[in-house]
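The values are calculated or read from the model by the stated rules, or taken from the named source; none is laboratory data. Worth saying up front: this structure is predicted, and the values here are computed from it rather than measured. Positions of Cβ are generated from backbone atoms using ideal geometry, with glycine treated the same way; all protein chains shown enter the neighbour counts.
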Amino acid sequence: AELKAIPGVLGVNQNGDELQIVLGPGKVNRVADAFSALLDSAEAPKETKETPQAAAGLFGAQGKVGDGKALHEAIRQKNATPAKTFLRKVASIFMPLIPGFVGCGFLTGLLGIIKFYDPSLLALTPLRILLLAGSAIFQSMNILVGWNAAKVFGGTPVIGGILGALISHPGLAEISLYGGPLTPGRGGVIAVLLVTLLAAYGERKLRKIVPPAFDLFVTPTLVILVMSLLALYVLQPVGGVLAETIGRGASEAVERGGAVTGLFLGGLFLPFVMMGIHQGLTPIHAELINQFGYTILLPILAMAGAGQVGAALAVYVKSRNPRLKKIVASSLFVGMMGVGEPLIYGVTLPLGRPFIGACIGGAIGGAIQAAFHVGAFSLGISGLPLMPSTTHPLMYAAGLAAAYGGGFIATWLLGFEDPA
């Protein structure tokens, strides 16, 4: 209660033994840096300088200022399931690529608008160069994913980049295997993840047995030699089947299910975010962009955040609590910009029924996005900033407005208990 009363605190959420204080974008970085500095400068008592496991008392008697980092690590280990840890690792591979997806996606979207109004303009040399720049992320995606994946999985980044480049090498079309020519880029990021995961594992094992004097020469050579053959004979075909199945499954689900598919996906995405399952969707978005040039799923899922904006707006209008109104007012703009955590933890989730209202709004918006097959050229953004990067900006805007309205009306009808 005292934390919630501090000006600037948007919400406080208890997640197991971990206390999450919601501050909003920008501000959270400054506070976290200041807090880390305090922890670093504090002298830990000798009896608390132990392993994270030894600090498992968490909020018990051992919780002193100096052992904050150990306590935090102990909490992370306690709450980390293997599945969620793996999904976080996979998501972290794509996080550094998001600025590239956003920049190239925006550029592609803007050029798409120019093409809609006057296709002849794209014959101009500057715009042709910009078209190439907009597609650059797709041309280099396997290399970038391979580099990041190797780093995350504990291998050498450049080896991951080389294996990613091999999978998309144009020269593969001149090689026949299993009765037909190889397809450059088949399997996309799925194949790259499989190859780099196994390569990093083999590299770590090799370094334990290769003498240090020969490590620089023997280890990378053996890893590239073995993994190149294994990649093309086994892992790329397997990755190809998986990637094609994912692409076909996503397309057919939206194609055949239409608005019903969008209704379910848009309505369930906020609970997925709460459970951490959404992190596993990042490589799926990337693979859909790799296969089709856009992801059909992102505009649908982005409607969940729009539903939250509508729900929060209803809370603002209906509430008589000045502090709650202030929290909504400070979080609403960033929510429209696609940053939903302040609204989730500061407004809708603590109030309960508005969270359900947000899900209903997301379902309505998702149904519209799916019905009109709106795709997105980029990933990592949602809300209003995603609009220029979509295949149908006007229909995306219509779905966004419907999600705002649906979240507002549902929350207004459901009501909520206004905090005292």
Give all pairs with beta carbons closer than 8 Å in which a residue from the range 180-199 that is without any contact (Cβ under 8 Å) to a residue 24 or more places away in the chain meets a residue that is crowded, with 21+ Cβ neighbours inside 10 Å; count only pairs at least 6 apart in sequence or on separate chains.
PRO184/ILE167; PRO184/SER168
Determine whether ALA398 is assigned to a helix (DSSP H, G or I) and either of a type in the set (Val, Ile, Thr) or crowded, with 19+ Cβ neighbours inside 10 Å (or both).
no
Could you grab me the full set of residues in the range 156-173 that are free of Cβ contacts under 8 Å to residues at least 60 places away in the same chain and either surrounded by fewer than 19 Cβ atoms within 10 Å (Cβ to Cβ) or out of contact with any Phe, Trp or Tyr (no Cβ under 8 Å at 6 or more places or on another chain) (or both)?
PRO157, VAL158, ALA165, SER168, HIS169, PRO170, GLY171, ALA173
For the range 244-262, indicate whether the set of residues that are farther than 25 Å from LEU400 by Cβ, in contact with a Lys or Arg (Cβ under 9 Å, 6 or more places away or on another chain), assigned by TED's automatic domain parsing to the domain that holds GLY365 and not aromatic (Phe, Trp, Tyr) is non-empty.
no
The lone exception for LEU39 - which of (1) assigned to a loop (DSSP other than H, G, I, E, B); (2) modelled with pLDDT of 70 or more; (3) surrounded by 14 or more Cβ atoms within 10 Å (Cβ to Cβ) it fails:
(1)
THR295 being touching a Phe, Trp or Tyr at 6+ places or on another chain (Cβ under 7 Å) and either of a type in the set (Ser, Thr, Tyr) or free of Cβ contacts under 8 Å to residues at least 60 places away in the same chain (or both)
no
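Residue-wise test of (1) of a type outside the set (A, V, I, L, M); (2) within 24 Å of the chain's Cα centre (by Cα); (3) at pLDDT 90 or above; (4) over 30 Å from ILE159 (Cβ atoms).
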{"position": "ASP215", "(1), (2), (3), (4)": "yes, no, no, no"}
{"position": "ALA231", "(1), (2), (3), (4)": "no, no, yes, no"}
{"position": "THR245", "(1), (2), (3), (4)": "yes, yes, no, no"}
{"position": "GLY293", "(1), (2), (3), (4)": "yes, yes, no, no"}
If only one of LEU172, LEU166 is on the phi < 0 side of the Ramachandran plot, modelled with pLDDT of 85 or more and touching a Leu at 6+ places or on another chain (Cβ under 6 Å), which one is it?
LEU172
Residues of the range 361-387 being β-branched (Val, Ile, Thr) and in a helix (DSSP H, G or I), in sequence order, are ILE364, ILE368
Just one of (1) over 14 Å from PRO237 (Cα atoms); (2) among the aliphatic types (A, V, I, L, M); (3) surrounded by 12 or more Cβ atoms within 10 Å (Cβ to Cβ) trips up ILE209, so point out which.
(3)
Qualifying positions in the range 130-150 - surrounded by fewer than 23 Cβ atoms within 10 Å (Cβ to Cβ) and over 18 Å from the mean Cα position of the chain (by Cα)
LEU130, LEU131, LEU132, ALA133, GLY134, SER135, ALA136, GLN139, SER140, ILE143
Out of the range 96-112, which residues are aliphatic (A, V, I, L, M) and modelled with pLDDT of 80 or more?
LEU97, LEU107, LEU110, LEU111
Could you say which residue among LEU270, LEU332, LEU265, LEU301 is surrounded by fewer than 20 Cβ atoms within 10 Å (Cβ to Cβ), assigned by TED's automatic domain parsing to the domain that holds ILE409 and in a helix (DSSP H, G or I)?
LEU332
